[in-house]
Amino acid sequence: MSKQIVVFNAGSSSLKFALYDLGGDGEEALVRGAVESVGGVSRMTVTSAGRPSTETRLEAAFSPQMALTQVFAWMSKEGLGADLVGAGHRVVHGGREFIEPVLVDASVLAKLATYNPMAPSHQPHNLAAIAAMARLYPKLPQIACFDTAFHAAKPRLASIFALPRALTEAGIQRYGFHGLSYDYIASVLPRHLGERADGRVVVAHLGHGASMCAMRGRRSVTTTMGFSALDGLMMGARSGAIDPGVLLYLLQEKGMSAAQLSTLLYEQSGLLGVSGESDDMRTLLASSSAAAENAIGLFVYRITSELGALAATLGGLDALVFTAGIGENSAEIRARVCEGARWLGAEIDSGANARGESVISASGSKVALLALHTNEEAVIATACRKMLGGEVHGAGSHR
Ligand code: AMP
């Protein structure tokens, strides 16, 4: 049996996993799946290459430990993962200290926990999965890969706030997120764009969380998220950029506590807050209410205005790439964003867009328009293969 590595992406109520051969250099996982809790009911879905997906209802309440136990029980039943040599984890925040993937021990875990307040809806869950794995398999090497890393070398002006220098030096700065997704897209861009891949490219990662990254030479030049995963675009339930005066007003005049403000900004805003209906784009697109249309309209408006700012930073635009749940799957949102990008020379091919093709720009478009599937797990697998002695080719290895 070949040596294998397992990759985890842990959230508040879900644990996604993917199993890879250590010796392979492919992006495709042997199996991938998720344990998640939907409406208080836990279930596990698994997709193996060439086989239909299976879904199993689980009796236990969701926790990282429960999810990991279920994943390993299933793998062992299927004769998988017997020669596991390492586990890779998505970790949202690496701060200034952690850029390259790192082997996690207790002291690294403790340092990473100091970033919990900057990504409260992700980081504690990412770390809980690492801690649970360490309890289950204390000898197995665990490797953390960071969403902030892709943006670490962006220029200083794109990294600092207009705050007193002492605060910048204390780490109050713009980090940027969704870096594993951007790293993957950067690694596959040449397949679609040839030499233009190294030009002025904006990637729009539009999922439940959403951000955009301006790239030149396939490296991050600036991005819409900053110190925390709250900044920038409007998201499923997060506000995105907001006048900081609103926050002061809510704290000082409306008597909100910091905890209430955090819940408001992370869980009750965005598509959910504006529509009053749902944080899920599919539900809103299917709704006929004016409030749902208002939420979708604001989502698109924020993307097109940030696109203008990113294009200005790049001095023009050669390509716009859509990715993640909404970017990959919603022809309507792509069409509406591209309509707002016509002034940049972007012209969509409506047929290609509706068919879900990778290249969706019309032949005369000055801006190449692409819709590409992202694969954060493949980037983590590549990092693990490098660190654990497997093949060094693969997704995300260009940095
Ligand atoms: P992600 O966080 O990348 O899994 O993306 C989740 C978001 O993608 C949710 O808002 C979903 O509603 C949205 N999404 C997934 N499939 C579609 C689709 N076919 N059309 C519109 N939105 C979609």
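For segment 159-169, 3J(HN,Hα) computed residue by residue from phi via the Karplus equation (6.51, -1.76, 1.60; θ = phi - 60°) reads 10, 10, 9, 7, 10, x, 3, 4, 5, 4, 5 Hz, glycine and proline entered as x.
For segment 180-253, what is the charge dipole size about the Cα centre, in debye to the nearest 20, if Lys and Arg each add +1 at the Cβ and Asp and Glu each add -1 at the Cβ?
Values: 7 positive and 6 negative charges, 84 e Å.
Charge dipole of segment 180-253: 400 debye, to the nearest 20.
Here the chain has 53 percent of its accessible surface on carbon and sulfur atoms, given a 1.4 Å probe and all protein chains in place.
Suppose we keep just the DSSP beta bridges with both residues in the chain; what percent of those would be antiparallel, to 5?
Values: 41 of 60 bridges.
Of the beta bridges lying entirely in the chain, close to 70 percent run antiparallel.
Applying both filters, DSSP loop and at most 15 other Cβ atoms within 10 Å, to the GluC sites (Glu not before Pro) of segment 223-293 gives 253, 277. Between residue 305 and residue 131, the simple spin-label model (points 7 angstrom out along Cα→Cβ) gives 4.0 nm.
Ranking 240, 284, 252 by how far each Cα lies toward the positive end of the dipole of segment 209-301 (charges on Cβ) leaves 240 at the top.
Among 114-126, 199-211, sorting by the average number of other beta carbon atoms lying within 10 angstrom of each residue, highest first, gives 199-211, 114-126. For segment 70-83, putting each phi into the Karplus relation 6.51 cos²θ - 1.76 cosθ + 1.60 with θ = phi - 60° gives couplings of 5, 4, 6, 5, 5, 4, 5, 4, 8, x, 10, x, 5, 10 Hz, in residue order, rounded to whole numbers and with x for Gly and Pro. Would you work out if segment 4-146 is rounded, prolate or oblate? Take a ≥ b ≥ c from the square roots of the eigenvalues of the alpha-carbon gyration tensor; rounded if a/c is under 1.5, else prolate when a/b is larger than b/c, oblate otherwise. It is oblate, given that a/c is not under 1.5 and a/b is not larger than b/c.
Report the gain in length on full extension from residue 166 to residue 82: 0.36 nm times residue separation, minus Cα-Cα distance, nm rounded to one decimal. Don't skip to the end; give the middle numbers.
Values: separation 84, 0.36 × 84 = 30.24 nm, distance 5.08 nm.
Value of the extension gain: 25.2 nm.
Along the charge dipole of the chain, Cβ charges K/R +1 and D/E -1, which of 214, 54, 356 sits furthest on the positive end? Sorting the options by dipole projection puts first 214.
Quote the FRET efficiency, to the nearest 0.05, computed for residue 13 versus residue 277 with a Förster distance R0 of 25 Å and r equal to the Cβ-Cβ distance. It would help to have the intermediate numbers written out before the result.
Values: r = 20 Å, r/R0 = 0.81.
Efficiency at R0 = 25 Å is approximately 0.80.
Accessible area of residue 301 (1.4 Å probe, protein heavy atoms only, ligands and nucleic acids ignored): about 140 Å². Quick one: grab the alpha carbon gyration tensor of the chain, order the square roots of its eigenvalues as a ≥ b ≥ c, and give me rounded if a/c is under 1.5, else prolate or oblate depending on whether a/b is larger than b/c. Cα axes put the chain in the rounded bin. Taking 0.36 nm per residue of separation and subtracting the current Cα-Cα distance, fully stretching the chain between residue 253 and residue 195 would add 15.4 nm.
In this structure the amide hydrogen of residue 222, modeled in the peptide plane, comes within under 5 Å of the amide hydrogens of 214, none closer than 5 places in sequence on its chain. The charge dipole of the chain, taken about its Cα centre with unit charges on the Cβ of Lys, Arg, Asp and Glu (plus for the first two, minus for the last two), comes to roughly 600 debye. Ordering 322, 72 by accessible surface, largest first, gives 72, 322; the 1.4 Å probe counts only protein heavy atoms, with every chain in place. Put simply, when 230-237, 182-189, 364-371, 309-316 are sorted by average Cβ atoms within 10 angstrom per residue, most first, you get 182-189, 230-237, 364-371, 309-316. Measuring between alpha carbons in the structure, the pairs from 16/77; 16/111; 3/77; 154/386; 139/386 lying more than 21 angstrom apart are 16/111; 154/386.
The values are calculated or read from the model by the stated rules, or taken from the named source; none is laboratory data. Predicted model only: the values in this text are computed from it and were never measured. Using ideal geometry, Cβ is built from the backbone for each residue, glycine included, and neighbour counts are taken over all protein chains shown. We work out accessible area using only protein heavy atoms, side chains counted, and drop any ligands, DNA or RNA first. Shrake-Rupley method; radii C 1.70, N 1.55, O 1.52, S 1.80 Å.
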